Structure formats: C-alpha cells, structure tokens
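Note sheet for the following structure.
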Amino acid sequence: MPRKILALCLALSLALAFPVPLLAAPIAPDDVAAEASLSVSAQSAVLIDAASGRVLFEKDAHRRLGMASTTKIMTALVVAESCDLSHTVRIPKAAVGVEGSSVYLVEGEELTVEQLLYALLLSSANDAAVALALTVADSVEEFANRMNRCARELGLQDTHFVNPNGLYDEDHYTTAYDLAIISAHALQNPTIRQIVSTYKKTIPLCGKEGTRVLVNHNKLLRLYDGAIGVKTGFTKKTGRTLVSAAEREGLRLVAVTLNAPDDWNDHTRMLDYGFSHYERLTVSDIGAYTYALPVTDGEKETVLLANTQALTLLLPKEHGEVTFRVEVWHRFEFAPVPAGTVLGRVICECDGAQAESLLVAAENVENREPVKKGFFARIFG
C-alpha cells in the first residue's frame, strides 16, 4: 500500500480514539479596533466560534441575567440525550394550562418526544417543556437538577436552572457566554440541529380533525443567509433574549443577546462581523503532515509519522504566517515500530490561535536482519 494512503487510513482509524480539540484563543490584537466598532443594544452579548468556543466579540458576556425561553435549549439537550424520540408521552395534568406560550396540550393526549420537542423549540411551548421534563424525571425540580448537572459538566459556573421553560425566577439565570457554550454543544446533537433549523412543522391535534401548525419564532431563519437556529425568549422582567447560529463555508458562529430591545439587528451585525473578519483555515488534512523519526536497529533508518486529525485554525482573514512545531516522545525509537503507534504530536499556531494533533507511525518498521558471518569470521570470531 502506498505510504500516503496507509498514513491516511491509520490516521482515520485513530482520530476518534485520540481526539484533540482546538484550543480557544483571545481576540487577536489587530481585530480589537474592528470589534470596538461593533455596537449592540443588548445589556449582555457574545459571539463565539462554535467549534472552538473562541470569543470573537463580547459585551459584558459574564454578567448573570435572566434567559427566558432560551432556557429550552438546555431542556431540549437533556431530553434528546435521555429519551427515545419515538417514545409516546401521555400528557399529564401538570402539563396542562401552564402559564405563557403554549400549544394547549390536553390531559391524556399522546404525542411522541420528537413532536413535543418541535413544540418546545418552534412554538416555545411551556406546556411541552413540563411534559418533557416529567417524561425524563419524576418532578420539575428533579429535571432542573439534571439541567444544572449538565451545565456543570460543560464547565459552566454562572448558570442555574429552576424550571424547564424559563418562566421568571430570581434563581434562574445564565450569562451570554454560558448560553453560547450550551447552544454550541446542543447544535452538535443532530435532532436539535434539525429542529431549530425548521421553519414550520405540523403535529397532531388531540380529539379534533386537523393538526397543530408550529411556526418557528426565529425570523432570522428566513432573513439571514446561512442561519440554522436557535431560540427566542421574552418575559417582562427579563426582556428580549435571543440565541442565533449561522454557518458559512465551514464556519459556524453562535450569537447570544440578553435583554436586547433591538435583538434582530444586534444579531445581524454580530454575525456579519464574524463572517467578514474570520475564516476557518485547514492547514493540514488528516495524514498530510509527516515527520521522519530516527529508528535504531530497524530495517529502515526512519519511521514516517503522520497527523491523526486535520489541523484547522480560526483566523482573521488578514493573518500572519502559520508555524508548525513537532514534539516527539523520544529522540529516536528502537525497532520494531508497529504502524499506528503514537509517538508525538504536531502543533500549528498563528496569531494566537492553536491546533494540535497526535502523530502516529504511518508504517511498520521491522528489526534489521542480522548480518550473516562468513566462514573465516565464524572460525576466528
């Protein structure tokens, strides 16, 4: 098998076994002036790269504030990771007549988890939130505890949930940054990603002919090129909240505003800023970066190493030179060296952004065959 093909195959097989995430980086100095020119109405706002979590723009992004119905992003995440989407839910009495936005569920009617998720994320149905919470947990309080555990698992310290729908409570809060991280994680779930990018959906209407027509409240889906979600929110005490996401040319951005009177324009400006100033650059495909490591007592003098992951960087469109740095575990290896052995890593850097990948042996290097001694050498030693 040709060396490059072998390297690629080995790299693909090991990529999942040895995931190395991109490292977040601060805003590059050259972009500070551009960021300063971006103005939003929100009390708190943030724009992040969904893949790395890198902050591209922020305004008081770590201030704890109410989140209203953007709460339902975490509700959907917990449910999607806990339930079979085809599971039938019999609507309990506790989910009927819930305050706020609703799809007017009827006690005893049956809908699937997936149908309730559409009601939750498109129509922002508070009754669907309670029905789903009670499908996963024995009480709303227990479900909220699960939401909080999920937040902790994501490393978030400034978010606390009391309920699954976002109805106002002083102890129910988040930050723009935390909500962006939750949303970026939720968008990795195929079910959630499909639902939040859907403009219109129909689900059964209990006891009547016809259907419930669910229309997504997020008008950016119709107005912004590349928009893929995510969720709106509003209460009188919290104000307008919005999480949006858009994707262009492999770059996925997530924007969050809390208490933003002009949120649609805020998000358009933030997303425009991100796409006009940044790009995702693949500097090396899987198996494309190679390094020759010396081998002792081998049939070959070196073993070829190759990267197990593509090296990609989020960079300003006007960026500096990309540099590579190799770290190997040892200065040389003793034969034999089996293909697939992890022997080091490669790190690429540019303008403060960094990505890395493990380096593995892309070929087998066997022991060198011993030199056969001649007749006189065997006699005289």
Estimated D of segment 308-363 in µm² per second, where Rh is the Kirkwood radius over Cα pairs and Stokes-Einstein applies at 25 °C, 0.890 mPa s: 193
Amide H contacts of Ala125 (H built 1.01 Å from N, under 5 Å, at least 5 apart or other chain): Leu120
Among Asp158, Asp263, Asp171, residue whose mean-square fluctuation peaks in a GNM of the chain (springs only between Cα atoms under 10 Å): Asp171
Which listed pairs, of Lys93/Lys236; Lys201/Lys231; Lys59/Lys237; Lys59/Lys231; Lys93/Lys219; Lys231/Lys317, have C-alpha distances above 23 Å, in listed order: Lys93/Lys236; Lys93/Lys219; Lys231/Lys317
Calculated on alpha-carbon atoms, Rg and Dmax of segment 225-300 in Å: 21.9, 75
Hz values of 3J(HN,Hα) by residue in segment 217-230 - Karplus curve (6.51, -1.76, 1.60), Gly and Pro given as x: 6, 7, 6, 5, 4, 9, 10, 10, 5, x, 5, 10, x, 9
Label selected from [x] 41, 22, 19; [y] 51, 26, 17; [z] 71, 20, 17, the criterion being semi-axes √(5λ) of the Cα gyration tensor in Å as computed here: [y]
Contact order normalised by residue count of the chain, Cα under 8 Å, 6+ apart, percent: 19
Packing-based order for 108-116, 295-303, using average beta carbon neighbours within 10 Å, highest first: 108-116, 295-303
HN-Hα J in Hz across segment 249-256 - Karplus 6.51, -1.76, 1.60, θ = phi - 60°, x for Gly and Pro: 6, x, 9, 10, 10, 10, 10, 9
5 angstrom amide H check on Ser284, placed H, neighbours 5+ away: Leu311
Under 16 Å from the Cα of Lys300 - aspartates and glutamates, other chains or at least 8 residues apart: Glu333, Glu363, Glu366, Glu369
Extension gain from Glu321 to Tyr168, taking 0.36 nm per residue of separation minus the Cα-Cα distance: 50.2 nm
Local electrostatic count at Tyr199 - Lys and Arg +1, Asp and Glu -1, tallied over other residues with Cβ under 11 Å: +4
Segment 303-363: trypsin sites (Lys or Arg not before Pro) falling in loop per DSSP and having at most 15 other Cβ within 10 Å: Lys317, Arg331
Choice from Ala335, Ala362, Ala45 showing the highest fluctuation, given a GNM over the chain with Cα pairs closer than 10 Å: Ala335
Segment 196-280: chymotrypsin sites (Phe, Trp or Tyr not before Pro) in DSSP loop, at most 13 other beta carbons within 10 Å: Tyr199
Under the Debye formula (equal points on every Cα, no solvent term), log10 I(q)/I(0) of segment 41-261 at q = 0.09, 0.14, 0.18 Å⁻¹: -0.32, -0.78, -1.32
Length added when fully stretched, His62-Thr296, from 0.36 nm per residue minus Cα-Cα: 78.8 nm
Choice from Lys237, Lys201, Lys59 with maximal GNM fluctuation in the chain (Cα, 10 Å cutoff): Lys237
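Laboratory data are not the source of any read-out in this text; all were calculated from the coordinates shown. Keep in mind that this is a model prediction, so the values were computed, not measured. Every residue, glycine among them, receives a Cβ derived from its backbone with ideal geometry; neighbour counts consider all protein chains shown.
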